[in-house]
Structures are given as C-alpha cells and as structure tokens.
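Shown next, in structure tokens, is the structure this report addresses.
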Amino acid sequence: IVANNYGDGVKLWGSGSKVENTLIYGTGYPRPSDTTPWALLVIDTDDPNARIDIINCTLFDDDRRPAHYAMTIQYDYCSGQNQNPITVVMKNNIIAGLHRVFIRNCVNLIAENNLFYNRTDPEGVQVVIDGVSTYTSNNISSLGPGNIYGDPLFVRPEWGPNGDFHLQSGSPAIDNGSSSNAPSIDLEYNSRPLGSSFDIGAYEYVA
C-alpha cells in the first residue's frame, strides 16, 4: 500500500520494473489552496526498449485534491532513426483518477482488462496518447481487449486512514479481469480467482 506520499505515488525508471497487487492513493495531498504536479503513477525512463508491467493495481485520487494526471508514461527518445520505443503492460488495473492518463506517442502500450473511472473530466477523457489518440468513457474498449469504464464501487473511497478500497457487490471490476499475467493471490493473500473469473484491481471481491 502506497498512501499519503508528499509527491508522486509510485515512480519507475528502470527496465524490468513491475508493480503488482498495489494500492496507491493519497498522493501529493495539499492544502485546498495549493496546486501540485504529483501523479499516482509515473513512468519516466531513458532505457531504450525498456519493459515495465503494471498488474492488478488500484489507483485512486481524492476529490478534494486539485486534479492532475492520474498517470504519466514518458519516454523522450522517440524521434529520428534511433527510435527505441518502450513497452508498458497494463493489465487488471483500476484507475480512478481526477484527470486523464497521459502517454507519449512512442510508447508501445499493451492495455487489457483495466477499469477506468476519471470522474471529473468534462469530456469524459480517460487516456490520451500524445498526438495520436484520445480515449473517452465511450470508446475506452478500443484501447485494448477488456478495458471498461465505470464506478468501481469501493467500500469507502477517501484519502486518509479510513479509506477502504475493497470492492462492493455489483462492482464492474468483479470477474472482469484476465488470468494473463495475474498473480495467484491478491493484496491480502486471498486466492485469485475467488469467483468465476479474476477481478480487476488489488483486491479480489470476498462475498
């Protein structure tokens, strides 16, 4: 659990990095009058042909915080003849942010079975691939197989010690994950899957 950091929640630089079964929330929490650049997850690597995996994670941004990107995936060596695009694999994640996910255009993104819930963007934008594509709540399924939009129905989605990011009955995250690359346990060591299929996010739903 990565919570209540002053700056970014999790930041990755190196090829072979992997974040799995992780809850990230309460990042860069300021006074109401402050503006911060902090994101829940940042990937910013200089490693050519790097691969980074984000699997079965839950990301949540609190409504009282000034909106900033939920995630940024940056790689700046993507012009000319020496392009070495990085690969980022995102599977079975809940991304409940206040602003869109921003991805540079030379990132090879493999995004499958993620639940997006950017709930404040006036245009419903969930993911932007810089200069290439924009994915909204209406077309997020075209980002990759199994990607959906909806309220994950957390038990108590809030910043601080009382936040509870287990799933309630009826959550669209339940049984909509993929078995591909999924860990055999969740954040609390419950077996995956517990239902008819794997759940999206860091927690399997326990009835």
Requested in this report: Output the residues belonging to the range 130-180 that are among the aliphatic types (A, V, I, L, M) and modelled with pLDDT under 95.
Outcome: 132
Query - the range 147-173, residues that are touching an Asp or Glu at 6+ places or on another chain (Cβ under 8 Å) and charged (D, E, K, R) - result: 156, 158
Report task. Within the range 81-109, work out how many residues are in contact with a Ser or Thr (Cβ under 9 Å, 6 or more places away or on another chain) and surrounded by 15 or more Cβ atoms within 10 Å (Cβ to Cβ). Result -> 18
Requested in this report: Go over the candidates 69, 117, 77 one by one and state the one that is under 18 Å from residue 165 (Cα atoms), open to solvent by 20 Å² or more (accessible area, probe 1.4 Å) and among the hydroxyl-bearing types (Ser, Thr, Tyr).
Outcome: 117
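The values are calculated or read from the model by the stated rules, or taken from the named source; none is laboratory data. A quick note: this is a predicted structure, and the numbers were derived from the prediction, not measured. Heads up, the Cβs are rebuilt from the backbone with ideal geometry, glycines too, and the neighbour counts pull from every protein chain shown. The accessibility values were calculated without ligands, DNA or RNA, using every heavy atom of the protein model including side chains. Shrake-Rupley method; radii C 1.70, N 1.55, O 1.52, S 1.80 Å.
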